[in-house]
Amino acid sequence: MSLIRRLEEANVDKKANNQNEKKVDPYYELKARIQNRIIEELDIDFNEISENNEDIKKKIDYIVTKHIEKESLNLTSNQKKKIKEELIDESIGFGPITGLLADSKVTEIMVNGPDHVYIEKGGKLVLTDAKFKNDSHVLHVIKKIVAPIGRRIDESSPMVDARLPNGSRVNAIIPPLAIDGPSITIRKFAEDPFKIEDLISFGTLSPKMGELLKYCVQGRLNIFVSGGTGSGKTTTLNVLSSFIPEDERIVTIEDSAELQLSQEHVVRLETRPTNVEGKGEVTIRDLVKNSLRMRPDRIIVGEVRSGEALDMLQAMNTGHDGSLTTGHANSPRDMLSRIETMVLMSGMNLPVKAIRDQVASAIDIIIQQSRLMDGSRKITYITEVQGMEGDVIILQDIFKFEQRGTDNRGKVKGEFIFTGVVPKFVQKLKEKGINIPIDIMR
C-alpha cells in the first residue's frame, strides 16, 4: 500500500479534528470543494511554478470566482479576496506557512504535523494558529519544496534536506520514520545576506572583533567556525566570506546550497543523494576532492561532519590557504576533538599524533558561536591555534564573551573582552603586507 494511500486512510480517523476546523473556519468546506476543483482543472508543474506564478494565479482566480458564483454564495468582496488568497497559497505557495515564510521576524518554522506549527521569533518558540488540513496536505507541501531541486521523498527515501529559493534550509521527514505524521523544519535566512555591521548591531560580536576577522580573512588564514545547532554558524560563515577579495576564485561545497556570496567568481557545488536504485550519491568528500582540481583560490565547505575533514585539512596544508568551514562543537577544544574523530571516520588508520600535527598546521583560528539562554547568538571565543607542544595542540583565546548574569527581562548581560595576548598570526599577516591596527588589541 502506498504511503499517500496510508496517509489518506489515516485521515479518516481525524474527522473530529476536521469538525473543529470547520467551527474555526466557516469556509472550510467551500475551500475544500474549490481546492478539489483546482486540482482537477489545473495541472500544476511544480518545476515551473517560479516562472509562471502570475499565470497560475490568474487561472486559480478564475476557477475560484466561477465556483463561488456557481454556488450562489452571498459573500462580500473582502471575503472572496481572503478565500482566493488562501487557496492560491495552498495551491502554488506553501500552504498555511506561506505567510510565516514572508515574515522577516520569523527565523525558524517547525511543522509537527497538521495541527501544530511552531515558529522561532526573537529567540523564543511560539505556537502559531496556522494549521494544515491533514497529513496529506503537509506531504503535498513537502513535495512542492523538494521537486524543483531534484530531490525526492517517499517510502524508500523518507527524509530529505532541501532549500527554498531564498536559500532557507529545509528538513522534512515522513512516515514510517515520523510516527505522528510528516514533519517539516525550516531554518530561514535573510533575503539580503547579513553584513558584519548587522552582526555588530545584533550584539553577535564587537566592532574590534569584526575588524580583526576581516584582516584574518583577507590575510588568507584558515578559519573554522564551530558551534551548536542553530547557533548561527552559517550566517557567520556567510559574513566572513564577504571579506574575500573580488579577484579570487571561490568554490563552495554544501549539502544544501545556503551561502549567499556577493562575489562574481564563485562556483557552487551541492551534494546529491542516491537515486531510486540506490546509486549516484555524491558526498561532501567527493566534492572536496574534486574542488582541488578546479583551481580554487578559496574553498568554503558549509559543514564538515565526517571523513571530508581529512580532505579539508590536506587542502589547507597543501597551498589552499584562506579556506573556511564550520562544524558542530561546544567549545574550541571540543572542535579539535571532533576533527580528530571525523578524520578517523575517513577510514585512514592514522595515529592520533599525526592527526593533531595536521590540525595544528592547517587551522589558524577557531570561532566559537553560541546560542545563549535568551535566544541571542554570540561569538563567545575567537581562538588561535598556536601549534603543538608534545602531543597537545596549544590554543590561545584572543577575544571572548564574558557573561555577567541576566537583566530583569531575562536578557543575557556581558561584554566582549580582549584577553591581552597578541596572537602569533599578527606577524604572519605583517609579512603579507597586512598591518593590524594596534588599537584592536586593547
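The values are calculated or read from the model by the stated rules, or taken from the named source; none is laboratory data. Since we're looking at a predicted model, the values are computed, not measured. Counting neighbours? That spans all protein chains shown, and the Cβs are built from the backbone with ideal geometry, glycine included.
See the values below:
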{"read-out": "Filter result for Ser256 (closer than 24 Å to Lys432 by Cβ and of a type outside the set (Val, Ile, Thr))", "value": "no"}
{"read-out": "Failed item in (1) modelled with pLDDT of 95 or more; (2) over 18 Å from the mean Cα position of the chain (by Cα), with Phe224 passing the rest", "value": "(2)"}
{"read-out": "Test: residue in the range 99-108 that is outside any helix (DSSP H, G or I) and aliphatic (A, V, I, L, M)", "value": "yes"}
{"read-out": "Restricting the range 100-127 to residues that are modelled with pLDDT of 90 or more and within 24 Å of Ile34 (Cβ to Cβ), the residue that is surrounded by the fewest Cβ atoms within 10 Å (Cβ to Cβ)", "value": "Val117"}
{"read-out": "From Gly181, Gly167, Gly230, residue being within 30 Å of Lys133 (Cβ to Cβ), in contact with a Gly (Cβ under 6 Å, 6 or more places away or on another chain) and of a type outside the set (Ser, Thr, Tyr)", "value": "Gly181"}
{"read-out": "Condition check for Lys31: at pLDDT 75 or above, of a type outside the set (A, V, I, L, M), surrounded by 15 or more Cβ atoms within 10 Å (Cβ to Cβ) and part of a helix (DSSP H, G or I)", "value": "no"}
{"read-out": "1 or more residues loosely packed, with under 15 Cβ neighbours inside 10 Å: qualifying strands (runs of 3 or more DSSP E) within the range 318-392", "value": "377-389"}
{"read-out": "Residue match in the range 262-281 (condition: surrounded by fewer than 17 Cβ atoms within 10 Å (Cβ to Cβ) and within 21 Å of Ile367 (Cβ to Cβ))", "value": "yes"}
{"read-out": "Residue count for the range 376-403, restricted to those that are farther than 20 Å from Ser231 by Cα and in contact with a Gly (Cβ under 8 Å, 6 or more places away or on another chain)", "value": "2"}
{"read-out": "Residue within the range 294-309 that is part of a helix (DSSP H, G or I), in contact (Cβ under 8 Å) with a residue 24 or more places away in the chain and over 26 Å from Tyr381 (Cβ atoms) present", "value": "no"}
{"read-out": "Single residue of Ser201, Ser183, Ser231 found to be of a type in the set (S, T, N, Q) and without any contact (Cβ under 8 Å) to a residue 12 or more places away in the chain", "value": "Ser201"}
{"read-out": "Check on Leu139, at pLDDT 85 or above, in the same structural domain as His320 (by TED's automatic domain parsing) and either within 24 Å of Pro437 (Cα to Cα) or buried (at least 18 other Cβ atoms within 10 Å of the Cβ) (or both)", "value": "no"}
{"read-out": "Gly278 small (Gly, Ala, Ser) and assigned to a loop (DSSP other than H, G, I, E, B)", "value": "yes"}
{"read-out": "Matching option when the condition is touching a helix residue (DSSP H, G or I) at 6+ places or on another chain (Cβ under 7 Å), touching a residue at least 12 places away in the same chain (Cβ under 8 Å) and aliphatic (A, V, I, L, M), among Leu372, Leu313", "value": "Leu313"}
{"read-out": "Residue within the range 149-167 that is surrounded by 16 or more Cβ atoms within 10 Å (Cβ to Cβ) and assigned to a helix (DSSP H, G or I) present", "value": "yes"}
